[in-house]
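Undergrad: This is the structure I have questions about; it appears just below.
Read the figures in this text as sums done on the coordinates, not as results from a lab. In this text the structure is predicted, and so the values were computed from the model without any measurement. Reconstructed Cβ throughout: ideal geometry from the backbone, glycine too, with neighbour counts over all protein chains shown.
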Amino acid sequence: MISSDILRGYNDIIVLGLLIQQDSYGYNLMQEIAVRSGHTYQMKETTLYSVLTRLEKNGLVTSYSGNETMGRKRTYFHITPEGTAYYQEKCAEWMETKQLIDRFTLPNLLPPPTHGASSVEYPAEVFRRADEKH
């Protein structure tokens, strides 16, 4: 399971990434996030509505009332042109961030595992600091 602390800074891009495809409402967004993440990330309802409120306050999404469901109207969210531009900027930023972090994560720091290995397992000494190896 991915820590929600790690994803906190990416909640906006997650939500905008769904809204750029089509307008949606809160419950549907939560379900779609769970499905697309392979159920490794379940955005909490309070987190989602905080994200939507912030995005709307910043002019990145707008909301409107949809059809009634069980006596209540759903609030749908629509990405604005400013939201689309922001989403594109954040996607580019993510690619740069990922490239940077990839330089410091396995397996990029280590030699490839031996041929025929069924899983990647590295000896503990690989994880010792260089100044501790003496």
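Undergrad: So who's got an amide H within less than 5 Å of the one on ASN58, skipping anything under 5 residues away but keeping other chains? H placed 1.01 Å off N, in plane.
TA: Hits under the 5 Å cutoff: none.
Undergrad: How charged is the neighbourhood of GLU96? Take every other residue with its Cβ under 13 Å from the Cβ of GLU96, and add Lys/Arg as +1 and Asp/Glu as -1.
TA: Working: positive: LYS90, LYS98, ARG103; negative: GLU89, GLU93, ASP102.
Surrounding charge for GLU96 is 0.
Undergrad: Under a 5 Å amide H to amide H cut-off, with H placed in plane at 1.01 Å, what residues pair with SER24 once short-range neighbours are removed?
TA: The answer is PHE77.
Undergrad: How many nm is it between the label spots at HIS78 and HIS39, if each spot is 7 Å from the Cα in line with the beta carbon?
TA: Between HIS78 and HIS39, the simple spin-label model gives 3.5 nm.
Undergrad: Once amide H atoms are built 1.01 Å from N in the peptide plane, which residues 5 or more positions from ARG74, or in another chain, come under 5 Å H to H?
TA: Sorted by chain and number, the residues that satisfy this are GLY66, ASN67, THR69.
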